[in-house]
Structures are given as structure tokens and as C-alpha cells.
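The block underneath contains the structure these notes are about, expressed in C-alpha cells.
The values are calculated or read from the model by the stated rules, or taken from the named source; none is laboratory data. None of these values were measured; they are calculated from a predicted model. Here the Cβ is made from the backbone with ideal geometry for all residues, glycine too, and neighbour counts use every protein chain on show. To get the accessible areas, we keep the full protein, side chains included, count just its heavy atoms, and leave off ligands, DNA and RNA. Shrake-Rupley method; radii C 1.70, N 1.55, O 1.52, S 1.80 Å.
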Amino acid sequence: MMDDISKTDPEVYALLKKELERQQHGLEMIPSENNVSKAVLQAMGSVFTNKYSEGYAKKRYYGGNQFVDEVELLAIERAKKVFNVAHANVQPYSGSPANFAVYMAVCQPNDTIMGLHLPDGGHLTHGFKASCTGQLFNSIPYHVRKDGYIDLEEVERLAMEHKPKLMWVGYTAYVREFPFEKMARIADKVGAYLAADIAHISGLVASGVHKSPSPYAHIVTTTTHKTFRGPRGGIIMVTQKGLDKDPELANKIDKAVFPGLQGGPHDHTTAAIAVALKEMMQPEFKTYCEQIVENSRALAKSLMGSGMEVVTGGSDNHMVLVSLTKFGKGKGIFAQEALDEANITMNKNTIPGDPSSPFYPSGVRMGTPSLTTRGMKEKEMELVGKWIADVIKEIKDFELPEDKKEIGNYLKAFKEEIKENKKILEIRNSVIKLCRKFPLYPGFDVLR
Ligand code: DSN
């Protein structure tokens with residue numbers, strides 16, 4: 001029972017070691033990923049995982065929750081302080097369940113809701129048709145303009161026409177400042193609830209590097225990984241403005257989370273969220289977030305200097321979106337696979353007005369939170385931007401077959417071919433060298 005995993009389960013142990021090695025020797029540039037501290041990992045791998053705690057602090061269904069209560073209350077108090085909100089629920093299992101709870105709290109099935117269209121940078125749970133939020137509600141998507149910025153004129157026109165019950169501001173592939181104030185003006189005009197989903201930028205908001213939605217939105221949701229740099233989890237917050245609109249809003253949110261949508265909270269995650277929130281309160285976290293944005297800007301500049309087309313011509317946050325349409329449509333998959341081969345991880349992504357499909361989009365999305373956690377700065381971003389551009393140039397002539405049935409085999413052959421590409425192999429060696437200079441978890445075994 002008390003034996004080390006290396007002895008009890010060598011198979012899983014070997015996989016943990018391989019994953020640590022992969023993270024150590026690669027550039028993690030998926031903008032929604034990050035590397036948590038040792039303290040966060042310790043809280044996650046703790047005995048709080050053994051407990052059941054349905055209910056809320058001091059009102060649990062089972063006994064033995066005195067310390068779970070304390071840790072949950074600590075996380076709540078810290079979240080309220082860090083985000084300047086009136087109420088926080090730290091139990092959502094992640095961002096999507098948090099957003100579902102918002103619908104359950106303020107909407108009825110078939111109510112009208114508005115969010116940014118997924119191919120334009122919105123999230124699945126903001127009413128996209130493949131998500132239950134696009135099926136159970138009357139979803140009216142809004143869009144970005146050709147220049148990549150939110151089309152606020154369209155938002156206003158659609159809101160006036162459809163009178164939504166709930167509007168979302170907050171995005172998963174949007175590189176500019178989120179327009180909280182302007183969206184609030186529209187939501188207030190039509191009497192809608194405004195929910196700000198700050199999952200991607202919550203670290204930047206907490207540190208004041210991005211404007212806060214707190215004065216403008218009624219509800220704020222976030223994941224606790226990404227720029228938050230905590231465990232995988234979610235938080236729903238209610239602002240003072242939300243309570244002024246509906247004094248019952250906090251209770252409605254709590255009831256929607258439990259018993260509405262979830263059972264027992266993941267107490268080890270709650271403990272780790274509390275730890276991450278404490279880290280967010282330190283002055284170093286602000287410096288970290290400022291560097292994330294500096295790095296994004298330096299990355300965008302380097303990419304553009306190497307001939308890449310960057311959506312909106314830069315970045316205000318942690319993310320850069322590269323359009324590959326100058327090389328043709330649907331090139332994102334080739335770029336993602338080739339960059340993976342060079343130990344640079346990012347994801348294919350749609351770009352504004354994408355001529356292809358969300359499955360085979362024409363861009364790649366990348367971010368700097370993880371690289372910044374490792375200590376990399378502008379100098380490294382310049383290098384990394386050049387490497388990314390060089391890899392993309394290697395694959396620019398590959399074309400997706402018109403016949404969908406042929407795509408699978410074509411991609412298989414493509415992957416074999418890029419394994420032999422000398423330039424990509426050369427870049428991978430340089431990536432590994434750079435990563436060694438910025439160790440992720442020095443002296444760390446999988447067991448801490
Ligand atoms: N999957 C997340 C992202 O990468 O942005 C959003 O849920």
C-alpha cells in the first residue's frame with residue numbers, strides 16, 4: 001500500500017517519466033497550457049483526494065469535512081480578493097462545467113444566448129452547434145471583422161434584434177484586449193446577463209496586466225490552469241454588479257454547480273487552487289504576467305520579420321495567431337505536425353474568415369505562458385519565432401487532397417516524410433539545447 005509507484009506500477013511510472021522528459025525537452029506553446037509549481041503539484045497529489053464533500057462549507061452531507069471546509073473557504077476568500085468579486089464558487093470540475101452552470105443558473109432551455117462563433121475564436125460552450133449549449137439554447141453567434149477584431153457593431157445589432165438572456169464576452173483564440181466595457185454597454189441596453197469567460201487570461205486579469213471584467217460583467221468564469229497556473233479546475237464568480245441585478249445570483253450559481261450539475265468537489269484540486277491563488281498574490285506573479293505579454297509581442301514581431309502573417313498584426317495578451325492562407329488553405333495541420341516533429345507544440349486553429357474548416361483550419365495558435373514560466377524572454381522569443389517560421393516554410397507546399405477520403409493516407413505519408421526533413425531535425429536539436437538552458441523542474445523525479 002505505501003510502496004513507491006516506481007515499484008507498484010512500473011508501466012505508469014515509465015509513462016510519467018516519459019511525459020516529464022517530453023515537457024522538459026520541448027517548447028510547450030499551446031496557449032492554454034502552463035507548468036505549475038512544485039507546491040501546486042504537492043497539493044494535487046495529496047490526501048485531500050480521499051475525501052467526499054458534497055455540499056458547501058459548514059453544510060456538507062458527510063462528516064469529516066472540517067479541513068476540507070477550511071481549505072475551500074481559503075480558496076474562496078483568495079479568489080474574491082484576487083479577482084475583486086463578491087462571490088466565488090471553486091467547485092466546478094473545469095471551464096466547461098463552470099459555463100454549463102452559468103446557463104443552468106440564469107437560463108431556461110430555448111432561451112436566446114450570444115457568444116463569439118467558435119471558428120472566429122469563441123469557445124464551444126458559448127453556444128457552438130456541436131456543444132449542448134448550441135442545441136439546448138437559441139444560439140445567435142457574433143463574429144470578428146476581417147481585421148480580426150470583435151465586430152461590436154454586429155454584436156449590438158444582433159442583441160437589439162434577438163434580445164438575448166445571456167451574453168458571453170471572453171474567447172479562446174483572440175489576441176487583443178477583451179472588450180468587457182463595450183460588451184457590458186450592449187448587454188445592459190438589452191437587459192442581458194453578461195458572463196465574462198476569462199479562462200485564457202485570468203492570470204493577466206489577476207495581476208492587472210489585462211483589464212478586469214469585475215466592474216462590467218455579472219458573472220465571471222475561469223479555468224484554473226492556463227495563465228492562472230494552477231491545477232485543472234474551474235471557478236465561477238459573481239460580481240457586485242451581478243448581485244445588484246439579481247440578489248439571488250450567487251445562490252443560483254451555487255445550486256447550479258451542486259446539486260444541479262456535479263457531485264462531490266475534487267478537494268485536492270481545491271487545495272491546489274488555493275495554493276495557486278496565493279502564488280498569484282505575490283509581486284513575482286505580476287512580473288511573470290507582464291513578461292508573458294512582452295514575450296507574445298516579441299514572438300509576433302519575430303514571426304512577422306520572418307515573413308509570417310500574424311492576425312491583427314500583433315498581440316495584447318499571451319497568444320499569437322498565425323494565418324497560413326498566403327501558402328494556401330487548410331495548412332494548419334501540416335504546420336502543427338511539422339512543429340511537433342521539431343519539439344514545438346502548438347495547435348492548428350481557424351483564423352478570421354477561414355477559407356477551410358474547423359477540422360482542417362488555415363492557421364496555428366501559439367502562446368507564451370509556459371515558455372515564460374521557464375524563464376524565457378524576448379531574446380529567446382526572437383529565436384523561437386524564426387524556428388517556427390522556418391518549419392512552416394518547409395511544409396508550405398503540401399496540399400490537402402480535395403477528396404476527403406484521401407486525407408488520412410496523405411497525412412500519414414506526410415508525417416513519414418517530415419521525419420526525414422533535415423531542417424526540421426536541425427531545429428529540433430536547437431530546441432532541445434535551448435530547453436536544457438531553461439529546466440522545467442530541476443532535479444525533479446516524477447515523485448517530486
Ligand atoms: N481547450 C481550451 C483551449 O485550448 O483554448 C479551451 O477550452
Within region 60-119, can you find the residues that are among the aromatic types (Phe, Trp, Tyr) and within 26 Å of SER212 (Cα to Cα)? PHE83, TYR93, PHE100, TYR103
Since GLU33 meets every condition but one in (1) away from the ligand (no atom under 16 Å from the Cβ); (2) not in a helix (DSSP H, G or I), which condition does it not meet? (1)
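With the requirement that a residue be surrounded by fewer than 18 Cβ atoms within 10 Å (Cβ to Cβ) and either in a helix (DSSP H, G or I) or more than 16 Å from the ligand (Cβ to nearest atom) (or both), what does region 101-135 give you? Don't jump to the end; show me each part of the working.
The initial filter retains those residues of region 101-135 that are surrounded by fewer than 18 Cβ atoms within 10 Å (Cβ to Cβ), namely 104, 108-111, 129-130, 132, 135.
Across region 101-135, the qualifying residues are MET104, GLN108, PRO109, ASN110, ASP111, LYS129, CYS132, GLN135.
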Here the residues within region 85-100 that are open to solvent by 10 Å² or more (accessible area, probe 1.4 Å) and away from the ligand (no atom under 14 Å from the Cβ) are VAL85, ALA86, HIS87
Would you be able to say whether some residue in region 59-73 is in a helix (DSSP H, G or I), surrounded by 23 or more Cβ atoms within 10 Å (Cβ to Cβ) and within 14 Å of the ligand (Cβ to nearest atom)? no
Since ARG436 meets every condition but one in (1) open to solvent by 60 Å² or more (accessible area, probe 1.4 Å); (2) touching a Phe, Trp or Tyr at 6+ places or on another chain (Cβ under 7 Å), which condition does it not meet? (2)
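For every residue, the table says whether it meets (1) in contact (Cβ under 8 Å) with a residue 40 or more places away in the chain; (2) buried (at least 21 other Cβ atoms within 10 Å of the Cβ); (3) within 15 Å of the ligand (Cβ to nearest atom); (4) among the basic types (Lys, Arg).
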| site | (1), (2), (3), (4) |
| --- | --- |
| THR325 | no, no, no, no |
| GLY328 | yes, no, no, no |
| ALA338 | yes, yes, no, no |
| ILE344 | yes, yes, no, no |
| THR350 | yes, yes, yes, no |
| GLY353 | yes, no, no, no |
| SER362 | no, yes, no, no |
| PRO369 | yes, yes, yes, no |
Can you list residue pairs whose Cβ atoms sit under 8 Å apart, with the first residue in region 220-237 being touching a residue at least 24 places away in the same chain (Cβ under 8 Å) and the second being basic (Lys, Arg) and not in a loop (DSSP other than H, G, I, E, B)? Count only pairs 6 or more apart in sequence or on different chains. MET237/LYS80
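When you look at ASP403, is it of a type in the set (Asp, Glu), under 25 Å from THR325 (Cβ atoms), in contact with a Phe, Trp or Tyr (Cβ under 9 Å, 6 or more places away or on another chain) and open to solvent by 60 Å² or more (accessible area, probe 1.4 Å), yes or no?
Numbers: of a type in the set (Asp, Glu): yes; under 25 Å from THR325 (Cβ atoms): yes; in contact with a Phe, Trp or Tyr (Cβ under 9 Å, 6 or more places away or on another chain): no; open to solvent by 60 Å² or more (accessible area, probe 1.4 Å): yes.
No: the conditions fail for ASP403.
For GLU177, indicate whether it is part of a loop (DSSP other than H, G, I, E, B) and open to solvent by 10 Å² or more (accessible area, probe 1.4 Å).
Numbers: part of a loop (DSSP other than H, G, I, E, B): yes; open to solvent by 10 Å² or more (accessible area, probe 1.4 Å): yes.
Criteria met by GLU177.
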